[in-house]
1. May I ask which residue of C:192, B:147, B:271 lies farthest towards the positive end of the charge dipole of the protein assembly as shown, with charges of +1 (Lys, Arg) and -1 (Asp, Glu) on Cβ and the Cα centre as origin?
2. Semi-axes of the equivalent ellipsoid of the stretch B:74-203: what are they in whole Å, largest first, if each equals the square root of 5 times a C-alpha gyration tensor eigenvalue?
3. Per q in 0.09, 0.11, 0.15, 0.16 Å⁻¹, report the Debye log10 I(q)/I(0) for chain B, using one uniform scatterer on each alpha carbon and no solvent.
4. Arrange the peptides A:10-20, A:103-113 so that the one whose residues have, on average, the most other Cβ atoms within 10 Å appears first.
5. Please list, ordered by chain and number, the residues whose modelled amide H lies under 5 Å from the amide H of residue C:78; skip anything fewer than 5 residues away on the same chain.
6. From the phi angles alone, apply the Karplus equation (6.51, -1.76, 1.60; θ = phi - 60°) to the stretch B:268-280 and give each ³J(HN,Hα) in whole Hz, x where the residue is Gly or Pro.
7. How large is ³J(HN,Hα), in whole Hz, for each residue of the stretch B:154-169 in order, when computed from phi with the Karplus curve 6.51 cos²θ - 1.76 cosθ + 1.60 and θ = phi - 60°, using x for Gly and Pro?
8. Quick one: grab the alpha carbon gyration tensor of the stretch C:225-356, order the square roots of its eigenvalues as a ≥ b ≥ c, and give me rounded if a/c is under 1.5, else prolate or oblate depending on whether a/b is larger than b/c.
Amino acid sequence: MRKGSRWLWAAALVAYGFLYLPLVIVVAYSFNDSRLNAEWVGFTLDWYRKLFADEDMLAAAGNSLLIALAASLVSTVLGTMAGVAMYRYRVRLLPVLVLTPIAIPEILMGVSLLIFFVLLNFTLGLLSVALAHIAFCIGFVAIVVRARLAGMDESLTEAARDCGASPARAFRHVTLPLIMPGVIAGALMAFTLSIDDFVITFFTAGAGTVTLPLQIYSMIKIAVTPEVNAVSTLLMLLTLVLIVIATKVSPSLFRTASETAP
Amino acid sequence: MGRRRAERLGKWLVSGPPLLYLLVFFAAPTLIMVLASFRTPGEFGGLAPFIDEAGKADLNLESWTRFFTESIYLAIFLKSVVYATITTLACLLLAYPLAALIARSDRRYRDLLLLLVILPFWSNFLIRVYAWMIILGPNAALARVVNGALAMFGHEPVPLLFSSFAVLVCLVYVHLPFMVLPLYANLEKHDQALLDAAQDLGADAWQRFWRVTFPLSLPGVYAGAALVFIPALGIFAIPDILGGPEDTMIGNLIKQQFLETRDWPFGSVLSIVLTVAALGLAGVAALVGRGGARSGAPARA
Amino acid sequence: MKKLLQRAAACALLLATSAFGADQLHLYNWNNYIAPETVKRFEAQCKCEVVQTYYSDNEELLAKLAAGAKGYDVLVPTSNAVQALIKGGQLLPLDKTKLPNTRNVDPAYLNTPFDPGNQYSVPYAMSTTIIGYNDVKMKELGLPTDTWAVIFDPQYLAKVKGRVTVLDSAAELFAAAFKYLGYSANDTDPKHWDEATALIKKARPYWAAFNASSYIKELTVGNIWLVHGYSNDIFQANQDAQAAGRKFHILQGLPKEGAVLAVDNMVIHKSAPRPDLALQFINFMLDGRNSAELTNLIGSGNPNLEARKVIKPELLAYPAIFPPKEYQAKLEQLHDLTPAQRRLRNKLWTEIKAGR
């Protein structure tokens with residue numbers, strides 16, 4: 001190990017500690033024998049039992065997962081395209097279109113999308129929520145992908161083109177592996193944003209659509225019980241497992257340039 | 001196909017879909033609300049009919065003049081900028097070592113370490129904030145330690161919960177991954193050879209960081225800063241749940257317009273000002289950064 | 001390719017859910033505002049499915065409907081929101097012939113200024129906005145618990161500095177201030193509004209927070225000792241405190257100056273897909289036994305006289321849940337304001353919240 005990396009380790013551990021302290025509490029309190037998320041009373045598995053009997057909560061969790069997977073996939077694809085377009089082709093309109101959804105207050109975006117969908121007579125439901133999520137996630141992916149591209153060596157792509165590769169092949173075999181960490185980072189952000197979104201989802205959800213945040217936030221004035229901690233813990237575990245499986249099943253998809261280079 | 005034509009086709013194939021999607025599902029709805037800022041609020045909520053009984057279109061500058069003539073909105077806006085700036089800087093300080101560690105770690109562990117950063121954020125936002133309420137509560141360990149220390153200096157106990165401190169800690173917590181991920185994406189591609197060369201030339205650890213790593217990571221820093229500062233500026237849930245009586249941010253104000261005063265036009269005005277200001281600040285920072293980077297950075301990797 | 005798959009999946013899902021559509025009642029309600037047994041009983045009776053979605057604030061409901069959302073059958077807004085919905089033409093008039101159980105309701109809660117003749121709404125459940133307190137702490141500090149002064153008067157507040165919260169609602173806080181100053185909770189005189197604002201600003205430095213969402217937790221565990229809050233929540237807080245074995249009780253304090261009464265009502269949205277099921281449901285909920293189940297669950301007030309026979313006797317004894325006749329005269333329901341009045345109130349509220 002190089003000199004000075006001890007400090008790096010220490011600082012990084014502090015950051016990890018900061019990230020995980022609340023999470024430890026979240027998981028621990030899912031076993032708390034009290035309706036409130038406020039103080040430790042005793043140990044119980046009741047909340048997990050309650051969760052498995054609570055069809056509504058489970059359905060909401062399923063919806064959230066489905067929407068998040070769909071929205072993050074589509075927004076990653078579109079966001080990567082936008083990031084590449086902004087960097088390589090300098091399309092003027094894109095930076096504004098991509099950054100503004102990040103800046104605009106969620107309430108405004110939620111209300112405006114609802115009005116828009118109503119004007120088009122578009123039935124609200126899971127699809128309207130997914131479409132809304134994609135709209136605000138694209139920007140996050142695009143910004144990260146563009147930052148990854150910045151300072152990248154164009155000569156590699158030029159070389160590929162000189163060797164006769166079409167733009168598509170040059171992209172798939174040269175550019176994409178080089179930007180893959182940025183794409184993955186963007187996808188992770190999009191997934192995170194989608195699975196926990198409340199305001200925009202509230203306005204664009206249909207009369208029978210419940211996602212986990214909608215379910216949970218409606219409890220805010222009464223009591224956010226440890227059942228929520230339980231469903232969150234399980235959701236985190238489930239997502240982690242899904243991602244680990246995905247990386248094992250299609251490792252080529254996630255291989256970065258440093259791994260494919262000869 | 002000629003090289004030029006291939007390039008142009010490529011340009012539209014690549015930029016077309018995201019452009020189209022955002023124009024339809026973002027620009028169009030937003031323009032509806034931008035137009036709303038020039039209309040009057042409905043009697044019982046929403047907006048007044050666009051064409052009133054006299055057949056005239058309902059367009060006026062009432063809401064805009066209100067914003068510019070009452071200074072209190074500017075004051076709250078400035079406070080939000082301060083909070084967002086502190087949040088961004090704190091996130092940068094915490095995220096940089098973390099991103100650097102992940103970027104330099106062994107290939108086998110890199111993905112896992114990255115996932116570990118984002119994992120906590122797949123739990124629900126509310127219970128994470130509640131966890132902070134538990135950590136910062138007056139009877140919890142942290143508060144007792146801090147107030148015990150303060151008591152030694154004869155200072156009155158200070159509330160950690162329902163205060164600006166609580167709001168800032170939570171703001172940093174909630175936005176941290178959005179600084180870590182872009183930084184990581186950038187740091188990951190840094191060539192170790194450059195650092196080795198610098199070391200061979202006699203640079204110590206700090207010099208290697210400040211004159212090689214940091215300038216090269218600037219695009220990542222700016223991306224992360226944008227993805228933290230801009231959303232943090234408009235947040236309202238955190239002050240609502242654990243803020244003190246004076247921790248109102250511009251996001252709270254905007255929410256009130258839609259969900260208490262039912263003044264959608266004024267809510268639109270505030271939103272537009274916030275958006276333009278956020279983008280403006282981000283743009284200025286990018287310009288400054290680009291200038292700085294050009295003058296200080298070494299040749300490309 | 002990925003996009004195509006996603007679109008196909010979404011279409012399949014949409015088709016699947018719409019095929020289910022047949023006999024569904026869409027109920028848009030507050031969370032935990034109907035007992036699960038009641039829902040199951042209704043589903044068995046009507047051979048239909050009750051699809052519940054939730055909101056946590058009247059204004060959320062109003063904003064969503066104002067933007068044009070459709071698909072809801074039954075809504076449960078508070079009286080002032082009912083007023084706004086009626087005036088905004090959002091509700092379907094009720095077919096009284098299908099609601100014979102309306103005779104179960106206490107006439108005192110029928111035929112209100114919000115909805116003369118109950119053309120659009122029937123009362124469902126109610127709560128009062130009062131003082132909640134930690135009995136041990138209040139006794140220790142020698143503070144009164146039957147007056148708004150303990151929330152507004154610095155001489156009392158000094159003893160509980162940093163341990164008091166008030167609701168983060170301009171309507172509720174101004175109403176409490178008006179009551180304390182001796183005015184009507186629905187006072188619209190700008191001079192009185194300035195008076196109330198000054199009162200609030202003087203008391204603000206002693207308050208820990210303006211909070212409508214997490215104050216009950218803090219009260220229950222003893223971090224906060226005094227709140228301006230809703231009777232249902234304060235009742236629940238005590239249940240939780242006793243369940244956790246705490247050494248104190250969370251009690252409801254009825255201020256002698258009066259308080260706000262919030263009556264939640266059942267209404268039918270104008271574009272309800274199944275108004276027939278909606279009417280069936282409303283009549284069902286007006287039955288004494290069904291109505292009582294909610295009160296027994298969360299300690300909410302109940303305007304249904306038939307329900308009183310089945311409500312737990314200890315709940316009937318709570319004056320904040322079932323106010324005695326003498327106190328009923330001091331309770332007022334909040335009225336909806338005009339846009340100009342709302343703007344003025346928001347301006348004052350912004351000053352208060354900005355620390356000016």
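1. B:271
2. Semi-axes, largest first: 35, 19, 17 Å.
3. -0.66, -0.92, -1.30, -1.34
4. The peptides rank, most packed first, as A:103-113, A:10-20.
5. Amide H to amide H, under 5 Å and 5 or more residues apart or across chains, residue C:78 pairs with C:265.
6. 5, 4, 4, 5, 5, 4, 4, 4, 4, 5, 4, 5, x
7. Karplus-based 3J(HN,Hα) across the stretch B:154-169 equals x, 8, 5, x, 10, x, 8, 8, 6, 8, 4, 4, 4, 4, 5, 4 Hz.
8. Verdict is oblate for the stretch C:225-356.
No lab work stands behind these numbers, since they all come straight from the coordinates. In this text the structure is predicted, and so the values were computed from the model without any measurement. Backbone-built Cβ (ideal geometry, glycine too); neighbour counts: all protein chains shown.
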